[in-house]
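The values are calculated or read from the model by the stated rules, or taken from the named source; none is laboratory data. Everything numeric here is computed off the predicted structure, so don't read it as measured data. Cβ placement follows ideal geometry from the backbone for every residue including glycine, while neighbour counts extend to all protein chains displayed. Surface areas here come from the heavy atoms of the whole protein model, side chains and all, with no ligands, DNA or RNA. Shrake-Rupley method; radii C 1.70, N 1.55, O 1.52, S 1.80 Å.
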Amino acid sequence: MSAGKGGRRGRGGGEGSGGGRGKGDGVRGKAGDGGRGRGSGGRIRVCVAGATGWTGRAVAEAVLAAPDLELAAALARSSAGRDLGAVLDRPDPLGLTVAAEPAEALAARPDVWIDYTHPAAVKNHALAALAAKSHVVIGASGLADADYREIERVALRADSGVIAAGNFSLTAALLKHLAGIAARHLPHREIIDYAHARKPDAPSGTALELAGYLETIAPNEMPLPVAETLGYPATRGAAIGGTQLHAVRLPSYLISVEAIFGLPDERLLLRHDAGNSPAPYVAGTLLAARRVGGVRGLVRGLDRLLFGDEPAAAAPTPR
């Protein structure tokens, strides 16, 4: 996601990278137990970082409309010092000044920090929020597995939860879930990742999370190793978690991911396509905000909230 979400870059619902599950993960609570009970009327106090951007703005509006959530703070350097109501083009002020720095936003003591900012900032934001005893929901893209391992360690020490998703949309979660089922039975796979020409990170967090997740399900079989490819082996893509992953960056694309599975004389293609609106990512983000209080450590992926470990429980097809 772009800094401040001012443009339309990184539209994948705030893609978090990688697919590992994390040792300390575990969703202990139910929807509605996400905060530490500091909000008025028992509401969960939320800070939205990147609150004036493409996805963050829609999330902020949804938090304002939710009866069980309270927008305690908003972070966006491009609009710092302004009333959030004016930034969101509302007729009346909200009495909430947009913060320029994380420390300023954390002074509001949010129960949950939701981050839709820039890859260069999101890790430090998450660590600061955990140090302030806030739970964290990460929708921004560009973090590496090493970043998530560090965030997980800090979350466990803080006895707090982090939920990060490469894509908070339902169809992306279903793609990951169904691909996990397919990987138990189909031994050959590749992933193709599509995005607009100005997306700053590659592959997308959606694709990276998918590749990492499939590695935990079953190994990928490659009859011809990439190293033995004649001509230009780099055209075979990057090997991530044992799966070849190809990133396409062209005008006319938003965010799309294909998981392709093959057997002799048959093929299965699973595809997620994002539209022009951030709406698909909002419901998943709010679900994570409501559930993160029941997490200790790190949970990767909206599919974990919706489906748990169902694919891993299925018996693989004998090969």
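See the values below:
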{"read-out": "Meets criteria (outside any loop (DSSP other than H, G, I, E, B), of a type outside the set (A, V, I, L, M, F, W, C) and open to solvent by 10 Å² or more (accessible area, probe 1.4 Å)) for R198", "value": "no"}
{"read-out": "Search result, residues across the range 62-114 that are touching a residue at least 60 places away in the same chain (Cβ under 8 Å) and of a type in the set (G, A, S)", "value": "A62, A66, A76, S78, S79, A108"}
{"read-out": "Given (1) part of a helix (DSSP H, G or I); (2) under 18 Å from T285 (Cβ atoms), number of the condition A73 does not satisfy", "value": "(1)"}
{"read-out": "Residues of the range 158-176 satisfying the condition of being touching a strand residue (DSSP E or B) at 6+ places or on another chain (Cβ under 6 Å) and open to solvent by 50 Å² or more (accessible area, probe 1.4 Å)", "value": "T171"}
{"read-out": "Near pairs, Cβ below 6 angstrom, 6+ apart or cross-chain, from the range 147-165 (more than 13 Å from A131 (Cα to Cα)) to any residue that is open to solvent by less than 20 Å² (accessible area, probe 1.4 Å) and in a loop (DSSP other than H, G, I, E, B)", "value": "Y148/G18; A164/G16; A165/G16; A165/G301"}
{"read-out": "Search result, residues across the range 230-240 that are in a loop (DSSP other than H, G, I, E, B) and closer than 28 Å to G180 by Cβ", "value": "G237"}
{"read-out": "Qualifying position, being open to solvent by less than 10 Å² (accessible area, probe 1.4 Å) and more than 28 Å from T235 (Cα to Cα), among A107, A131, A179, A155", "value": "A155"}
{"read-out": "Where a residue in the range 183-194 is among the hydroxyl-bearing types (S, T, Y) and its partner, wherever it lies, is assigned to a loop (DSSP other than H, G, I, E, B), with Cβ under 6 Å and at least six apart", "value": "Y194/Y253"}
{"read-out": "Residue under evaluation A86, criteria (1) in contact with a strand residue (DSSP E or B) (Cβ under 8 Å, 6 or more places away or on another chain); (2) modelled with pLDDT of 90 or more, criterion not met", "value": "(1)"}
{"read-out": "Any hit, the range 218-228, residues being open to solvent by 30 Å² or more (accessible area, probe 1.4 Å), outside any loop (DSSP other than H, G, I, E, B) and modelled with pLDDT of 95 or more", "value": "no"}
{"read-out": "Residue that is at pLDDT below 95, outside any helix (DSSP H, G or I) and out of contact with any Gly (no Cβ under 8 Å at 6 or more places or on another chain), where the choices are A108, A31", "value": "A31"}
{"read-out": "Matching residues, the range 248-291, being touching a Gly at 6+ places or on another chain (Cβ under 9 Å), farther than 18 Å from S141 by Cα and β-branched (V, I, T)", "value": "none"}
{"read-out": "Selection from the range 101-118 of residues that are farther than 12 Å from A132 by Cα and touching a strand residue (DSSP E or B) at 6+ places or on another chain (Cβ under 6 Å)", "value": "I114, D115, T117"}
